[in-house]
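Written below as structure tokens is the structure these notes are about.
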Amino acid sequence: MPAIVLLGAQWGDEGKGKVTDLLGERVDYVVRYSGGNNAGHTVITPDGQKYALHLMPSGALSPTAMIVIGNGVVVDPKVLLAEIDGLNERGVDTSRLRISGDAHLIMPHHRALDRVVERYLGSARIGTTGRGIGPAYGDKVARMGIRVQDLLDPGILRQKLELVLREKNQMLFKVYNRKALDVDAVVAEYLEYAERLRPYIAETRAMLWDALDRGETVLMEGAQATMLDMDHGTYPFVTSSNPTSGGACVGTGVPPTSITRVIGVSKAYTTRVGSGPFPTELFDDAGQHLRKIGGEYGVTTGRERRCGWFDAVVARYAARLNGITDLVVTKLDVLSGFEKVPICVAYEIDGRRVDDMPMSQTAFHHARPVYEELDGWWEDIGKVRSFEELPAAAQRYVERIEQLCGTRVSVIGVGPGREENVVRHDLLGG
Ligand code: IMP
């Protein structure tokens, strides 16, 4: 009865969608457990079609798996319906989708506040995706959130919205000089969404327990990543949920004892969008090269991603924190053509070498990478399908990552397509 967690080991955009898709046909359930439409998964199907998904679990493209939006996700119904319509128009069946009634809704005031607060923060801004994620989770914690199940009870929906807009409208109007929101208009809009979403809303927890009892495979798919985790990431430059493996239990209701495997996904280098510390960030030609060859532009916002070398301190931290059993290293092909490929093995902080993540945010801001330079390789590795066929230097690079993280690298991505991988250990096998 395996429950498997799949998560990002860096700052997001590691290529998790591709890995879910790799597993998609062999798992029975794919469940999103955190975040919302701040995420962006690009999936390329066998017939070469490219899909950009934001809220739908990337298993949506598997013809058989049930797809679930767990209670830990924040749902913007407008975005979800647009995504469902987009998939249906392209012939993808979405009738296997189920949404937890306990998931919270992103409301118009969340989107409005996300943008306006960021603007007011000026240079201290987080660099959010502007999708209302932080304000929606904020209301959840403050116990004034509106949940998916409230869509099914128009009286409750109105009552909760009236209450919450009493405060939010004051903030929008008096603090931020924005237009107040009209309760009637928002209720009417959300009741329309309710009609369309009704068939998908379900008690997903029990569904997953039953599936596990039947011996089916449940894949819990993280959005964002370890270093964007609210508790364990580079706070406050984080997202407002827990993308780490513990968050998978909270965000789905699957108990920790059901988890048999944790798959961490990491790029062969590092990227980050938004603000916040990033010790191996490159500001030179090498960084530009990674961005260009790696196509490092956000799926959700189109923003340029910040690029840098692989940070083994972060990777080791992610491995220990999440209990990663298998690492997937994506985009190794992007590193072809560098004479030397540096790996950050430690930090220098205020003149001292530090091998692990420092305790304080201030120290992390001061961290300078200590690099170990490995030989590069020139070959195009896009067609390579076995580890032995990789150039010797590329093999050594992967093996060094394994040593530094203390985790085996089970799959290596050598190109964007579904088939473009070197599989060393089956992610569902032994
Ligand atoms: P929020 O999740 O929109 O509140 O943004 C908070 C931080 O997380 C910002 O730095 C975003 O750029 C970052 N972030 C959110 N979602 C993603 C993602 O899917 N990939 C990478 N970064 C993300």
Inset, instruction - Return the aspartates and glutamates within reach of K383: Cα separation strictly under 13 angstrom, same-chain partners fewer than 8 residues apart disregarded; answer none if there are no such residues. - result: D333, E419, E420
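In the range 229-316, which trypsin sites (Lys or Arg not before Pro) are in a loop and have at most 14 other Cβ atoms within 10 Å, using DSSP for the loop call?
R303
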Legend entry - Label-point separation, H425 to F283 (7 Å along Cα→Cβ), nm: 4.0 nm
Legend entry - Spacing of the two label points (7 Å from each Cα toward its C-beta) at E379 and R143, in nm: 6.2 nm
Legend entry - Gap separating the Cα centres of the range 119-148 and the range 34-57, nearest whole Å: 23 Å
Inset, instruction - Rounded to the nearest Å, what's the spacing between the alpha carbon centres of the range 269-301 and the range 4-31? Just the number, please. - result: 21 Å
Legend entry - E389-E189 pseudo-label distance in nm [points 7 Å out on the Cα-to-Cβ vector]: 5.1 nm
Legend entry - Other-chain or far-sequence residues with amide H under 5 Å of A223's (modelled H): Y33, S34
Inset, instruction - Let me have the 222 nm mean residue ellipticity of the chain computed from DSSP H runs of 4+ only, each contributing -39500 (n - 2.57), with the sum over all residues rounded to the nearest 500. - result: -9500 deg cm²/dmol
Legend entry - Cross-link partners of K174 among lysines (Cα-Cα below 26 Å; sequence separation of 8 or more within a chain): K140, K160
Legend entry - Candidate lysines for bridging to K267, where Cα separation is under 16 Å - those fewer than 8 sequence places away on the same chain excluded: K16, K18, K292, K331
Legend entry - For the range 104-199: rounded, prolate or oblate by the Cα gyration tensor [a/c cutoff 1.5]: prolate
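Each reported figure results from applying straightforward, stated rules to the coordinates on display, with no laboratory input. Quick caveat: nothing in here was measured; it's all calculated off a predicted structure. In this analysis, Cβ positions are derived from the backbone assuming ideal geometry, glycine residues included, and neighbour counts consider all displayed protein chains.
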